[in-house]
Amino acid sequence: MKLLFLACLSPKTGNCTTAERIRAHVESAGHTCVLRDASEFKSSAEVAKLVTQKPPFDGALAIHLYKAGRLLLDVPVPFGVVFGGTDINEDVKVEHKLVVMKQVLLKARFAVAFTAKMKQMAYVVLRSPSSKIYVQPQGIRTEATEKFSWGEFLKSSVQTLSADS
């Protein structure tokens, strides 16, 4: 499968890091994933033209409902969106962005939220069917172990503080 992946790719940002992680995962599953910066495109018509070029894309993915998702509204292939704090905490406050984000979620085949709280907020604020939104935590979960020693950890990481402080 050939997938177009749109994201905001400013260097050394969380979006860029997340996009690279997702791209690597898609490619490790045997697919082709073409990662492009959403800022390269002025309209959804440009993206629609791109996905139909030979060989055509089979699907698309975007990080951010407004910044990149709006560029997928006219694509003739199925697409999904990944959204996070900027979408739910900031972009929903701007009426024209809110309208577009609702359209994106309505047309998207699926959506991914980073937390259950974001999924719930999307359901309430964006009126998106919760069955369309999947939760995939962005971070890494760790658990304490009885064998872990803060003192040894601090020594191994060349810290000068004691474990007590």
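The values are calculated or read from the model by the stated rules, or taken from the named source; none is laboratory data. Note that the structure is predicted; figures quoted are calculated from it, not measured. Cβ sites come from the backbone with ideal geometry, for glycine too, and all protein chains shown count toward neighbours.
Within region 1-15, the only residue that satisfies the criterion of being in a loop (DSSP other than H, G, I, E, B), more than 14 Å from the chain's Cα centre (by Cα) and of a type in the set (A, V, I, L, M) is MET1. Taking the conditions exactly as written (of a type outside the set (Phe, Trp, Tyr), assigned to a helix (DSSP H, G or I), at pLDDT 95 or above and crowded, with 17+ Cβ neighbours inside 10 Å), does LYS49 satisfy them or not? Here the answer is no, as LYS49 does not meet what is asked.
Would it be correct to say that VAL34 is surrounded by 12 or more Cβ atoms within 10 Å (Cβ to Cβ), at pLDDT below 95 and either closer than 18 Å to PHE79 by Cα or in contact with a Phe, Trp or Tyr (Cβ under 9 Å, 6 or more places away or on another chain) (or both)? No; evaluated as a whole, the condition is false for this residue.
Can you work out which of the residues in region 80-103 that are of a type in the set (Val, Ile, Thr) and within 28 Å of PHE57 (Cβ to Cβ) is farthest from the chain's Cα centre (by Cα)?
So the first thing to find is which residues in region 80-103 are of a type in the set (Val, Ile, Thr), and the list is 81-82, 86, 88, 92, 94, 99-100.
Narrowing the set further to residues that are within 28 Å of PHE57 (Cβ to Cβ) leaves 81-82, 86, 88, 99-100.
On the way: VAL81: 7, VAL82: 3, THR86: 11, ILE88: 13, VAL99: 19, VAL100: 17 Å.
Ranking the qualifying residues of region 80-103, first place goes to VAL99.
Per-residue answers, yes or no, for (1) part of a loop (DSSP other than H, G, I, E, B); (2) of a type outside the set (D, E, K, R):
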site: VAL75; (1), (2): yes, yes
site: LEU105; (1), (2): no, yes
site: MET118; (1), (2): no, yes
site: MET121; (1), (2): no, yes
site: SER128; (1), (2): yes, yes
site: PRO137; (1), (2): yes, yes
site: PHE148; (1), (2): yes, yes
site: GLU152; (1), (2): no, no
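Could you tell me whether ALA62 is within 22 Å of ALA122 (Cα to Cα), under 18 Å from the mean Cα position of the chain (by Cα) and part of a strand (DSSP E or B)? So ALA62 fits the description; yes.
Output the residues belonging to region 29-43 that are without any contact (Cβ under 8 Å) to a residue 24 or more places away in the chain and either part of a loop (DSSP other than H, G, I, E, B) or at positive phi (or both). Spell out how you get there, then give the answer.
Let us first name the residues in region 29-43 that are without any contact (Cβ under 8 Å) to a residue 24 or more places away in the chain, namely 29-30, 40, 42.
Answer for region 29-43, where residues must be without any contact (Cβ under 8 Å) to a residue 24 or more places away in the chain and either part of a loop (DSSP other than H, G, I, E, B) or at positive phi (or both): ALA29, GLY30, LYS42.
Restricted to region 133-146, and to residues that are at pLDDT below 80 and not small (Gly, Ala, Ser), which residue is nearest to the chain's Cα centre (by Cα)? Restricting to residues being at pLDDT below 80 and not small (Gly, Ala, Ser), the top hit is GLN138.
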